[in-house]
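Down below is the structure, laid out as structure tokens.
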Amino acid sequence: MTPADTSDALPDDTFTTRQARRVLLTLGALGLALTLALLASLFAPWRSVRAADAPLPPPVAKVALLSTRFVLERKFTLMTEALRREGIELVWVQVDAPAPAGGEEAARRALDGARLVILDAPRSDDSAAIEKIAGASLRERALPTTSINVMSPPTRMRTVKLDAAAGQQLFDYYVGGTAINHARMGQFLRALLTGADTATVPAPAALPNGGIYHPAFDNPVFASLDEYLLAWERHTGQRWQGRPVIGMEMSSTYISDGQTRLLDATVQAIEQRGGVPLLFYRSARVNRARAEQARPAPPPVRVEAAGPGFPNPGSPRRVPIDEPLITRDGHAILNVLLVNTFLGSDPEARKAWHQAMGIPVINVVHYRTGTRADYARDLAGISSFYLPFTLTTAEYIGLQDPVVVSANEGGELVPMPEQMDLMVGKALKLARLQTLPTPTSRSRWCSGTTRPARRTRAPATSTCRARSSTSSIACATKAMPSMPCASRRSSTRWA
């Protein structure tokens with residue numbers, strides 16, 4: 001018998017064994033597929049909740065949403081799509097936009113046929129604009145209304161002709177954001193407006209009250225520093241110790257409102273240059289609102305200036321560096337901090353906090369009033385409307401040169417590559433300066449409090465042009481390899 005014929009001589013039960021193995025392999029594959037599907041469903045809150053091509057149910061009710069251009073419309077676009085999949089037609093209007101998109105007539109059209117109104121008015125200025133343009137139409141229709149005022153403590157939510165508990169639940173869905181809360185808000189509105197039992201709708205999914213963001217993970221928000229660093233090391237196959245750690249302080253609304261494109265680009269840029277990104281927010285807005293309802297707001301921190309030198313105190317106030325998201329063993333692990341959040345609240349406390357950390361802090365600014373093309377044509381670079389909170393307060397607190405890193409493309413903050421390169425390049429250079437021996441750190445004053453005694457004219461090869469007439473400017477130049485500080489306050493002074 002030839003070797004080729006040996007298989008025919010095997011016992012009959014061998015064929016049965018092969019079939020059994022095939023069946024077991026098939027069952028194993030099916031089990032793996034089911035396991036993966038289950039895991040995907042567990043992480044659905046952070047991703048798409050329902051397939052975009054799923055058939056849409058007919059709308060059962062219309063909801064009007066009035067806001068201003070201060071609130072970027074990407075949030076409204078994502079919310080409109082999610083609510084439509086739940087049978088709710090959401091019509092939103094930025095009332096201060098030019099007609100026909102905004103104005104009185106646009107507000108009237110949005111309110112016509114609506115069963116409920118949401119007013120997204122973060123500041124008192126936004127409430128005033130809505131009242132001026134749409135106040136008469138709102139009073140004429142007298143619809144159930146929830147007013148969401150996230151930047152107007154202590155009362156960040158108000159209701160009219162709507163049960164307070166229902167208004168609070170709607171507030172939690174709306175402010176909590178993310179795909180899962182948008183879907184649940186649609187389910188809640190559908191039940192509320194059709195007389196169904198709202199108790200059957202899942203509760204709002206809350207972000208951790210303080211978290212670290214990284215887009216590479218199915219659940220991109222980590223509630224603790226150790227958990228994040230361990231996950232980062234497993235993901236990259238590298239240890240974080242010995243690498244420059246670049247932090248970015250931000251608001252949780254970047255995640256809630258779907259403004260993550262800028263965050264993702266920042267993470268990628270830092271990692272490509274060998275750094276460890278640590279993008280964190282200190283509290284979630286829903287939790288902050290609840291805490292304010294439970295207790296009175298604490299008094300502002302007072303720092304008395306000693307002698308001449310106002311507005312800089314003679315001796316800095318000592319504050320503990322105890323933020324758990326950036327500290328290990330009582331010490332901050334950051335080498336450089338990018339500040340990408342609102343600076344209008346309690347600048348004295350923030351100033352003391354940055355002084356206590358003693359690391360370079362860079363001011364991150366966004367061109368919210370136009371596109372990248374608009375920014376390129378703009379001789380100032382920052383609207384005078386935003387100067388107090390983007391430049392003036394930042395300089396008082398002690399932040400270094402501002403960098404305009406993104407522009408408004410259809411309501412989404414889209415990073416400008418050359419500006420991202422400038423910001424991250426500057427941060428990495430400042431971090432690496434900390435590792436050099438003192439005699440070779442020619443520009444160590446960049447990351448400290450001491451400045452040269454005289455002004456130094458920038459080299460003739462500099463392409464930095466002033467973007468504002470104020471002392472702090474948003475420099476649109478590329479980083480100069482020969483300059484430790486990549487951007488400058490003006491064409492005649494170092495940063």
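The values are calculated or read from the model by the stated rules, or taken from the named source; none is laboratory data. Here the structure is a predicted model, which is why all the values come from computation and not from measurement. Note that each Cβ is placed from the backbone with ideal geometry, even for glycine, and that neighbours are counted across all protein chains shown.
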**OP:** Please work out which residue is surrounded by the fewest Cβ atoms within 10 Å (Cβ to Cβ), limiting yourself to the range 337-352 and to residues that are within 21 Å of the chain's Cα centre (by Cα) and outside any loop (DSSP other than H, G, I, E, B).
**Re:** Pro347
**OP:** For the range 414-421, indicate whether the set of residues that are assigned to a strand (DSSP E or B) and modelled with pLDDT of 95 or more is non-empty.
**Re:** yes
Original post:
Can you tell me which residue in the range 156-171 is farthest from Ile255 (Cα to Cα), limited to those that are over 23 Å from the mean Cα position of the chain (by Cα) and assigned to a strand (DSSP E or B)?
Top reply: Val160
**OP:** Would you be able to say whether some residue in the range 151-171 is touching a residue at least 40 places away in the same chain (Cβ under 8 Å), within 19 Å of Glu81 (Cα to Cα) and buried (at least 18 other Cβ atoms within 10 Å of the Cβ)?
**Re:** yes
Subject >> When residues of the range 369-388 are limited to those that are part of a helix (DSSP H, G or I) and among the hydroxyl-bearing types (Ser, Thr, Tyr), the one farthest from the chain's Cα centre (by Cα) >> reply: Ser384
Subject >> Failed condition for Gly410, given (1) within 24 Å of Ile255 (Cβ to Cβ); (2) buried (at least 21 other Cβ atoms within 10 Å of the Cβ) >> reply: (2)
**OP:** Could you check, for the range 151-163, whether at least one of its residues is among the small types (Gly, Ala, Ser) and modelled with pLDDT of 95 or more?
**Re:** no
Original post:
From the set of residues in the range 172-191 that are over 22 Å from the mean Cα position of the chain (by Cα) and buried (at least 23 other Cβ atoms within 10 Å of the Cβ), which is nearest to Asp218 (Cα to Cα)?
Top reply: Gly186
Subject >> Filter result for Val319 (surrounded by 15 or more Cβ atoms within 10 Å (Cβ to Cβ), at pLDDT 95 or above and β-branched (Val, Ile, Thr)) >> reply: no
**OP:** Please enumerate the residues belonging to the range 134-155 that are aliphatic (A, V, I, L, M), under 20 Å from Arg109 (Cβ atoms) and either assigned to a loop (DSSP other than H, G, I, E, B) or not assigned by TED's automatic domain parsing to the domain that holds Leu111 (or both).
**Re:** Ala142, Leu143
Original post:
Would a scan of the range 67-78 turn up a residue that is assigned to a strand (DSSP E or B) and either of a type outside the set (S, T, N, Q) or in the same structural domain as Gly176 (by TED's automatic domain parsing) (or both)?
Top reply: yes
**OP:** Would you tally the residues in the range 315-365 being under 22 Å from Arg285 (Cα atoms) and free of Cβ contacts under 8 Å to residues at least 24 places away in the same chain?
**Re:** 2
Original post:
Looking at (1) part of a helix (DSSP H, G or I); (2) touching a helix residue (DSSP H, G or I) at 6+ places or on another chain (Cβ under 7 Å), which is the one condition that is false for Ala216?
Top reply: (1)
Original post:
If you check Leu90 against the conditions, is it touching a residue at least 12 places away in the same chain (Cβ under 8 Å), assigned by TED's automatic domain parsing to the domain that holds Arg156, within 26 Å of Ile255 (Cβ to Cβ) and of a type in the set (A, V, I, L, M)?
Top reply: yes
**OP:** Output the residues belonging to the range 181-195 that are over 19 Å from Thr253 (Cα atoms) and in contact with an Asp or Glu (Cβ under 8 Å, 6 or more places away or on another chain).
**Re:** Gly186, Gln187, Leu189, Arg190, Ala191
Subject >> Any hit, the range 138-149, residues being closer than 15 Å to Thr253 by Cα and surrounded by 18 or more Cβ atoms within 10 Å (Cβ to Cβ) >> reply: yes
Original post:
Going by the conditions given, is Val364 part of a strand (DSSP E or B), among the β-branched types (Val, Ile, Thr) and not assigned by TED's automatic domain parsing to the domain that holds Lys75?
Top reply: yes
